[in-house]
Amino acid sequence: MTRDDWGKMQDGICESVGENNYANWIKPLAFAGIEDDIAHFVAPSAFIGSFVSQNFGDVILSRIAKVSGGVRRLHFNVSKGDAAPIVAAETKRLAERPATPVNDTVRSAPLDKRFTFDTFVVGKPNELAHAAARRVAEGGPVTFNPLFLYGGVGLGKTHLMHAISWELKARSPDLNVLYLSAEQFMYRFVQALRERRMMDFKEIFRSVDVLMVDDVQFIAGKDSTQEEFFHTFNALVDQNKQIIISADRAPDEIKDLENRIRSRLQSGLVVDLHPTDYELRLGILQSKVEAQQAQYPGLEIESGVLEFLAHRISTNVRVLEGALTRLFAFASLIGKPINMDLTQDCLADVLRASERKISIDEIQRKVAEHYNIRLSDILGPRRVRTFARPRQVAMYLCKQLTSRSLPEIGRRFGGRDHTTVMHGVRRIEELKLQDSQIAEDLEMLRRALEG
Ligand code: ADP
Ligand code: MG
């Protein structure tokens with residue numbers, strides 16, 4: 001086998017090990033020749049030699065064996081002169097050994113194709129987090145380290161991290177970006193301990209350009225993982241490598257986290273994703289509808305449905321998204337457009353589960369406060385406009401923001417009939433379109449109640 005032959009194998013090897021691994025580990029090797037059953041290589045460092053031998057030895061051997069059948073072993077010499085092989089990768093019989101999995105330690109967790117900046121809808125609650133993520137994704141000099149993103153479940157932390165990763169890779173394909181969850185970090189750490197490969201583990205983590213660890217609250221209380229994480233973290237910060245961390249709460253709210261880690265985490269930029277508001281939810285729904293309609297062309301969605309969903313399913317975007325997916329699948333199955341009836345039907349369980357915590361009491365109190373009248377005036381019998389209108393507004397909001405039935409709402413408004421409630425709700429629906437003052441009142445009250 002010649003150097004030329006080695007050159008011709010490169011594409012195939014690259015395909016087997018992946019581009020990143022190829023660039024990091026295989027490309028730096030020089031083929032030195034074959035002696036008996038040994039293929040000799042020169043590696044830039046002992047570490048690279050041993051890493052290749054452990055992780056890609058089989059891939060290389062099987063390729064070489066196709067050209068030079070007799071080769072059974074690989075030797076790696078370090079380039080700085082002396083010829084003594086520092087590592088010998090020995091393969092007894094190729095067929096008996098299972099293919100070596102591409103090294104788990106170095107591989108980034110898979111990234112979701114849909115989680116890009118393009119598909120991320122920006123609104124008030126997430127604009128800061130989004131701007132910070134964008135900034136980091138530009139690459140360039142590290143200005144804040146780490147970037148710490150936190151917020152409740154389903155608010156877009158993972159989405160933003162994947163988006164950063166995609167963007168960085170698009171801008172600089174050679175950048176070594178490692179994304180993984182804190183759980184995966186721990187798993188790989190434990191595996192390295194078990195396999196006595198801590199040196200590799202350390203070297204690999206310390207050789208990344210950008211490290212992203214998702215859901216870092218997971219390592220709270222796991223002492224040795226924390227310890228290792230802390231060292232990795234420090235090593236990277238010292239080298240001015242960007243670190244991006246996410247958690248479901250602020251650093252000082254994560255229990256069982258060592259203080260030195262906590263303060264390290266706080267030392268960069270800490271930004272939170274706030275719970276979604278109505279506008280953001282509506283925006284997200286609108287953008288997801290486009291994606292759904294690409295999948296189910298021609299499927300109509302009646303106006304009002306998205307607004308209803310944005311009202312009723314609050315905070316968690318994942319649930320919102322799931323609701324929409326189900327709605328489209330269901331509607332296409334029965335061949336009907338998506339209207340309110342179908343929505344209520346199809347999503348009964350979701351709507352029940354995300355039932356607003358807003359109570360009728362609360363609405364009545366807020367409305368009384370807003371119009372500067374007494375609660376007893378809202379509940380009482382008087383029909384003068386100054387009381388009747390706020391009462392209708394309160395009824396309307398109860399219908400909108402709670403899942404109470406009309407008769408039930410009626411009962412809670414001084415024992416009124418459900419037709420009275422229905423009339424009140426209709427009246428406000430009309431007024432909302434004609435009277436901008438009413439529309440504004442409703443909007444303010446809704447915000448106050450939801451906030
Ligand atoms: P987290 O990691 O904070 O729990 P994810 O990033 O997994 O949440 O988001 C949950 C789902 O909601 C994902 O499908 C994500 O694409 C979607 N999502 C969250 N926020 C947004 C947003 N602002 N725009 C578009 N999609 C979003
Ligand atoms: Mg997540």
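Round to a whole angstrom and tell me the spacing of the C-alpha centers of segment 20-59 and segment 326-387.
Taking the Cα centre of each part, segment 20-59 and segment 326-387 sit 67 Å apart.
Report the relative contact order of the chain, percent, no decimals, based on alpha-carbon pairs under 8 angstrom and at least 6 residues apart.
Numbers: 627 pairs, mean separation 48.6, N = 451.
Once divided by the residue count of the chain, the mean separation gives 11 percent.
Residues with beta-carbon under 10 Å from that of Leu347, excluding Leu347: net charge, scoring Lys, Arg +1 and Asp, Glu -1? Before the final figure, lay out each step's value.
On the way: positive: Arg312, Arg326, Arg352; negative: Asp345, Asp349.
So the surrounding residues net to +1.
What net charge do the residues around Ile409 carry, taking every other residue with its C-beta under 13 Å from that of Ile409, with Lys and Arg at +1 and Asp and Glu at -1? Provide the component values of the computation, followed by the final result.
Numbers: positive: Arg391, Lys399, Arg404, Arg411, Arg412, Arg416; negative: Asp361, Glu408, Asp417.
Surrounding charge for Ile409 is +3.
Checking the a/c ratio against 1.5 first, then a/b against b/c, what shape does the Cα gyration tensor give for segment 278-353?
It is oblate, given that a/c is not under 1.5 and a/b is not larger than b/c.
Relative contact order of segment 205-351: what whole-number percent is it, with Cα pairs under 8 angstrom and at least 6 residues apart? List each step's numbers first, then the result.
Values: 135 pairs, mean separation 28.2, N = 147.
Taking the mean separation of contacting Cα pairs over the length of segment 205-351, I get 19 percent.
With an 8 Å cut-off on Cα pairs and a minimum separation of 6 or more residues, tell me the relative contact order of segment 151-241 in percent.
Contact order relative to length: 31 percent.
Starting from the Cα-Cα distance between Ala46 and Arg385, subtract it from 0.36 nm times their residue separation and give me the gain in nm to one decimal.
On the way: separation 339, 0.36 × 339 = 122.04 nm, distance 8.70 nm.
So the chain would gain 113.3 nm between Ala46 and Arg385.
Where a ≥ b ≥ c are the square roots of the eigenvalues of the C-alpha gyration tensor, would you call the chain rounded, which needs a/c under 1.5, or, failing that, prolate if a/b is larger than b/c, or oblate?
Working: a/c = 3.64, a/b = 2.54, b/c = 1.43.
The shape class here is prolate.
Coordinate-derived values only; no laboratory data. As the structure is a prediction and not an experimental result, all values here were calculated from the model. Every residue, glycine as well, gets a Cβ built from its backbone with ideal geometry; the counts of neighbours run over all protein chains shown.
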